[in-house]
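Enquirer: Once you've had a glance at the structure underneath, I'll fire off some questions.
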Amino acid sequence: MFESLQDRLGSILNGLTGRGALSDKDVSAALREVRRALLEADVALEVVRDFTDKVREKAVGSEVLKSIKPGQMVVKIVHDELVEMLGSEGVAIDLNAPSPVVVMMVGLQGSGKTTTTGKIAARLTQRDRRKVLMASLDTRRPAAQEQLRQIGEQTGVETLPIIPGQSPTDIAGRAVQAAKLGGHDVVILDTAGRTHIDEPLMVEMANIRQKANPHEILLVADALTGQDAVNLARNFDDRVGITGLVLTRMDGDGRGGAALSMRAVTGKPIKLIGVGEKMDALEEFHPKRIADRILG
Ligand code: GDP
């Protein structure tokens, strides 16, 4: 799948076959193409810079082997570095805590939080045989709590009964209490989003966190988030302290550069990806696949 970068690098570097080591100048020319490919894939600029610096260190002075074209060699170095930066494969949601384990979903409005809450709850219920309670803490959008209730009905997962007028922190407290009384293994809190990050949102998330003491805090983000991905991930991580990432809309046309951006600035694992609107459209994260896709 990454022929295109290889093609681009081929014309620049392939004259070098069998000529010894890659020089600084050869590598600089190749890295211009790598940079372009990463920016086209929506990787944030500062992450592209760090990434190309790392690749430069590895590539300069590399022996140009007779058996492999220099373009291919640089693509391999780039690919390996991408996989390393994207992190480990199949990092599961950590439920290793006393019941009920609290999982808090955070992110901007429209990122796919509610859908992902339903997908995770359905999977834990159906595949892992856990007793799950979902609660919507979104008191800003009138339909939000009802949306989660319907998802619960559709997937056979229990939702916290809606009591109009309660604050998000009060709902969080009630959810944890209900899960304790109900003998639930897991309680998933679906928080409210905003169209962009603002102070009241961060304060609300911090308050919910304090009240519910979540074991996992998953930042849900649209894979099509471009340059904003860095800001988004950094803000949520600094202010709320995320434990992992979920990227949604990976079924779309985007190349998924946000995965690299968000992983790079937070160091937190990408735990799952959303690949559609249906409740079973949830997959494990495979760094190699995403690396192929980013390289295009
Ligand atoms: P929230 O505001 O963050 O809770 O976002 P929602 O969960 O309501 O999702 C917003 C829209 O995105 C809905 O129409 C979902 O069906 C859709 N959506 C969520 N995840 C995915 C995904 O992985 N792929 C696609 N194609 N659509 C998704």
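Enquirer: Answer with yes or no whether Ile290 is under 28 Å from Arg36 (Cβ atoms) and of a type outside the set (Lys, Arg).
Expert: Here the answer is yes, as Ile290 does meet what is asked.
Enquirer: Under 8 Å between Cβ atoms, at least 6 apart or on separate chains: pull out the pairs that start in the range 102-118 with a residue that is of a type in the set (Ser, Thr, Tyr) and end on any residue that is near the ligand (Cβ under 8 Å from one of its atoms) and part of a loop (DSSP other than H, G, I, E, B).
Expert: Ser111/Gly193; Thr114/Asp138; Thr115/Glu277
Enquirer: Turning to a different aspect of this structure: Could you please let me know if Val106 is within 16 Å of the ligand (Cβ to nearest atom) and among the hydrophobic types (A, V, I, L, M, F, W, C)?
Expert: yes
Enquirer: Is at least one residue of the range 174-186 at positive phi and surrounded by fewer than 20 Cβ atoms within 10 Å (Cβ to Cβ)? Break it down into steps so the answer makes sense when it comes.
Expert: Residues of the range 174-186 at positive phi: 183.
Imposing the further condition that a residue be surrounded by fewer than 20 Cβ atoms within 10 Å (Cβ to Cβ) reduces the set to 183.
Checked the range 174-186: at least one residue is at positive phi and surrounded by fewer than 20 Cβ atoms within 10 Å (Cβ to Cβ).
Enquirer: Okay, moving on. Which number in (1) crowded, with 22+ Cβ neighbours inside 10 Å; (2) more than 25 Å from Ile273 (Cα to Cα) marks the one condition that Leu38 misses?
Expert: (2)
Enquirer: Take the residues in the range 160-172 that are exposed (fewer than 15 other Cβ atoms within 10 Å of the Cβ) and small (Gly, Ala, Ser); name whichever of them is modelled with the lowest pLDDT.
Expert: Gly165
The values are calculated or read from the model by the stated rules, or taken from the named source; none is laboratory data. Fair warning: this is a prediction, and the values are worked out from it, not measured in the lab. Methodologically, a virtual Cβ is constructed for each residue, glycine included, from the backbone with ideal geometry; neighbour enumeration extends over all protein chains shown.
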